[in-house]
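To keep things clear, I will list the structure first and then write my remarks on it.
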Amino acid sequence: MKQYRVMTMLALAAISLSSIVAAAPALPQVLSFSAGYQLGGERARNIVELGVVYRCDSRICLDTQRFDSARLLPRTFTSYRHRMRAPYGRPGCQDGLVGTVEPDRRDHEFARLVEEENSFVVATSTLRYRWVVDPAVDGAYTLTSVETKNEQAPLQQVVGFAFQSTQFLNGDLNRLQLDALYRGEIQHKTADMGAMQPWKHASSSIDFRVYEAAAGGKLLYRSLPGADAVVKKYAKPMWVHSTVVLARSNETIAPLVQEYGHDFDMDGCFDEQGHNKFMLPVSGPAGQVAALVYVEYTSDLRRGFPMLSVGRYYR
């Protein structure tokens, strides 16, 4: 009888252990995100970053590309050129190369996953990101807090968006994968706001169907009349231009590079420094882009603070 009790207890223990294993946190194959937060210290600064969380062998890895407001990262250039089309112009002007910014990269940082009700925490050796299910958008999460080991309280000005997917979208994209109107939202800071002012929230959208293709399909571009507020402020009927580079690497974080802005000198060419948006595509059915998470970073040396954004687009 005693032996029977022992065997029964062992069997129950085995069942309990299997239940714990079965209830282990289940991470999507890929979680792509954009995030922003404020770091304190002697000089407060904002961080915006793109990231992917994924399984690497038997572990969980986190890769990030980080843009620091305190560093005023320099502008570099791609090999692709803008193609502005305006109803005015100066003979002989030439469109400039599409500008970009090189972020700080952190690859294959091991992470730990803690599942909670309607949310989970991705914890690295330095940061803890808490992601909560967004019931309004399929496969979406929002960032509710970021904590560090050295801080007694969660970091401030936390914003962020994420989408789950079953695989990465590697390499160049084509316009058919983006053939849709994407709606979304943005958390934004102008260069005048600085690190202490809170983010400004607004709805946002992008329609890739109205863009024209060039450079063998590796470039999308669009020109249209300038924003009313800008035209009124500068008393010039200038146009605005946008270019999106579809050429990408096979890295886990390979965002589409967008540069856009107004033609302030009205020469009919886009040769000004524009604003940079870095859009990380999320894989959907049949190889389509189901969503994009993005950050913006445009240095402003005169004001000493960049223009920053954190946002998302989805079909």
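The values are calculated or read from the model by the stated rules, or taken from the named source; none is laboratory data. The structure presented is a predicted model; accordingly, all values stated were derived computationally and were not measured. Methodologically, a virtual Cβ is constructed for each residue, glycine included, from the backbone with ideal geometry; neighbour enumeration extends over all protein chains shown. Side chains are part of the model used for accessible areas, which takes the heavy atoms of the whole protein and leaves out ligands, DNA and RNA. Shrake-Rupley method; radii C 1.70, N 1.55, O 1.52, S 1.80 Å.
Starting from the Cα of Thr76, step 7 Å along the direction of its Cβ; do the same at Glu212; then give the gap between the two resulting points in nm.
A separation of 3.0 nm, rounded to one decimal place.
Skip the ligands, DNA and RNA, and give the accessible area per residue of the chain with a 1.4 Å probe, whole Å².
50
What trypsin sites (Lys or Arg not before Pro) in the range 36-93 are in a loop by DSSP, with at most 12 other Cβ atoms within 10 Å of the Cβ?
Passing both the DSSP loop test and the Cβ count: Arg43.
Are there trypsin sites (Lys or Arg not before Pro) in the range 165-253 that DSSP puts in a loop and that have at most 14 other Cβ atoms within 10 Å, and which ones?
none
Size of the dipole of the chain about the Cα centre, Lys and Arg at +1 and Asp and Glu at -1 on the beta carbon, nothing else charged, in debye to 20?
Details: 35 positive and 33 negative charges, 40 e Å.
Magnitude of the dipole: close to 180 debye.
For the range 106-122, take each phi angle, set θ = phi - 60°, evaluate the Karplus expression 6.51 cos²θ - 1.76 cosθ + 1.60, and give the result in whole Hz per residue in order, putting x for glycine and proline.
So the J values, rounded to whole Hz, are 10, 10, 6, 7, 5, 10, 10, 10, 10, 8, 10, 5, 6, 7, 8, 10, 9.
Taking DSSP loops as anything outside H, G, I, E and B, show the longest stretch in the chain free of GluC sites (Glu not before Pro) there with at most 10 other beta carbons within 10 Å.
118-315
Which three extents, in angstrom, do the Cα atoms of the range 102-239 have along their principal axes, listed largest first?
Extents along the principal axes, in whole Å: 52, 37, 33.
I need the shape label for the range 234-315. Rule: rounded when a/c is under 1.5, else prolate if a/b > b/c, else oblate, with a, b, c from the alpha carbon gyration tensor.
Prolate, since a/c reaches 1.5 and a/b exceeds b/c.
Tell me, what HN-Hα J-couplings in whole Hz come from the Karplus equation 6.51 cos²θ - 1.76 cosθ + 1.60 at θ = phi - 60° for each residue of the range 134-149, using x for Gly and Pro?
Once rounded to whole Hz, the list reads 9, x, 7, 9, 4, x, 10, 9, 10, 8, 9, 7, 10, 10, 10, 5.
Which entries of Lys200/Lys236; Lys149/Lys277; Lys149/Lys200; Lys218/Lys277; Lys189/Lys233 have Cα-Cα distances beyond 24 Å here?
Check vs 24 Å cut-off fails for Lys200/Lys236; Lys149/Lys277; Lys149/Lys200.
Out of the total accessible area of the chain (probe 1.4 Å, heavy atoms of protein only), what percent is carbon and sulfur?
In the chain, the share of accessible area belonging to carbon and sulfur is 53 percent.
For the pair Gln197 and Asn250, what calculated FRET efficiency results from E = 1/(1 + (r/R0)^6), where r is the Cβ-Cβ distance and R0 = 45 Å, to the nearest 0.05? Before the final figure, lay out the partial values.
Numbers: r = 39 Å, r/R0 = 0.86.
Between Asn250 and Gln197 the formula returns 0.70.
Within the chain, which is the longest segment that contains none of the chymotrypsin sites (Phe, Trp or Tyr not before Pro) sitting in a DSSP loop with at most 16 other Cβ atoms within 10 Å? Could you put the intermediate results ahead of the total?
Values: sites that count: Tyr88, Phe264.
So the longest stretch without any such site is 89-263.
If you compute Cα extents along the principal axes in Å for the structure shown, which of (1) 53, 52, 42; (2) 100, 48, 31; (3) 82, 46, 33 do you land on?
Read-out from the structure maps to (2).
Using θ = phi - 60° and the Karplus relation 6.51 cos²θ - 1.76 cosθ + 1.60, list the HN-Hα couplings for the range 57-74 in order, rounded to whole Hz, with x at every Gly or Pro.
6, 9, 10, 10, 10, 10, 10, 9, 10, 10, 10, 9, 5, 6, 8, 6, 4, x
So if each residue of separation counts as 0.36 nm, and I subtract the Cα-Cα distance between Arg315 and Arg55, what length gain in nm does that give?
Values: separation 260, 0.36 × 260 = 93.60 nm, distance 2.61 nm.
Extra length available between Arg315 and Arg55 comes to 91.0 nm.
What is the sum of charges around Arg312, taking Lys and Arg as +1, Asp and Glu as -1, for the other residues whose C-beta is under 13 Å from the C-beta of Arg312?
Result for the neighbourhood of Arg312: -1.
Under a plain spin-label model, where a point goes 7 Å from the Cα along Cα-to-Cβ, how far apart in nm are Thr148 and Lys233?
3.2
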